[in-house]
Amino acid sequence: MFQYDDNFLSFAYETCTYNQIACTLGVHTELAMIKAQLLNNRGHKLNVPYIPNSNFLGKI
């Protein structure tokens, strides 16, 4: 597991919101939710409120 994964998971399990996680890690909220979904695919049980559209970067 990458160090980024450990940081992300520690914030997620501390019940931080995805906005808070994204702000702390310096990424967009949508990227944090995509990361959470990828971690769920690896067996973690994170609550992802929605999966961002694949074109969200075009809107930024």
Any idea what the dipole of the chain comes to, in debye rounded to 20, about its Cα centre with Lys/Arg Cβ at +1 and Asp/Glu Cβ at -1?
-> 160 debye
Of all the Cα-Cα pairs you can form in the chain, what percent are over 13 Å apart?
-> 58 percent
Taking +1 at the Cβ of each Lys and Arg and -1 at the Cβ of each Asp and Glu, which of PHE8, ASN40, SER54 sits farthest along the dipole of the chain towards its positive end, judged by Cα position relative to the Cα centre?
-> SER54
With Cα atoms, 0 to 90° folded angle of helix 3-13 axis to the chain main axis = 90 degrees
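Just the number please: accessible area per residue for the chain, 1.4 Å probe, all protein chains included, in Å².
69 Å²
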Mean residue ellipticity (222 nm) of the chain, computed from DSSP H runs ≥ 4 via -39,500 (n - 2.57), nearest 500 | -17000 deg cm²/dmol
Ignoring chymotrypsin sites (Phe, Trp or Tyr not before Pro) buried by more than 16 other Cβ within 10 Å or outside DSSP loops, the longest site-free run in the chain is 3-49
So what J values fall out for the range 51-58 if you push phi through Karplus, 6.51 cos²θ - 1.76 cosθ + 1.60 with θ = phi - 60°, rounded to Hz, Gly and Pro as x?
-> 9, x, 5, 5, 9, 4, 5, x
Per-residue HN-Hα couplings for the range 32-38 [Karplus 6.51, -1.76, 1.60; θ = phi - 60°; Hz; x = Gly/Pro] = 5, 5, 5, 4, 4, 5, 5
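The values are calculated or read from the model by the stated rules, or taken from the named source; none is laboratory data. Please read these numbers as outputs of a predicted model, since none were measured by experiment. Neighbour counts are summed over all protein chains in view; Cβ atoms, including those assigned to glycine, are modelled from backbone coordinates with ideal geometry. Calculation scope for accessible area: heavy atoms of the full protein, side chains included, ligands and nucleic acids excluded. Shrake-Rupley method; radii C 1.70, N 1.55, O 1.52, S 1.80 Å.
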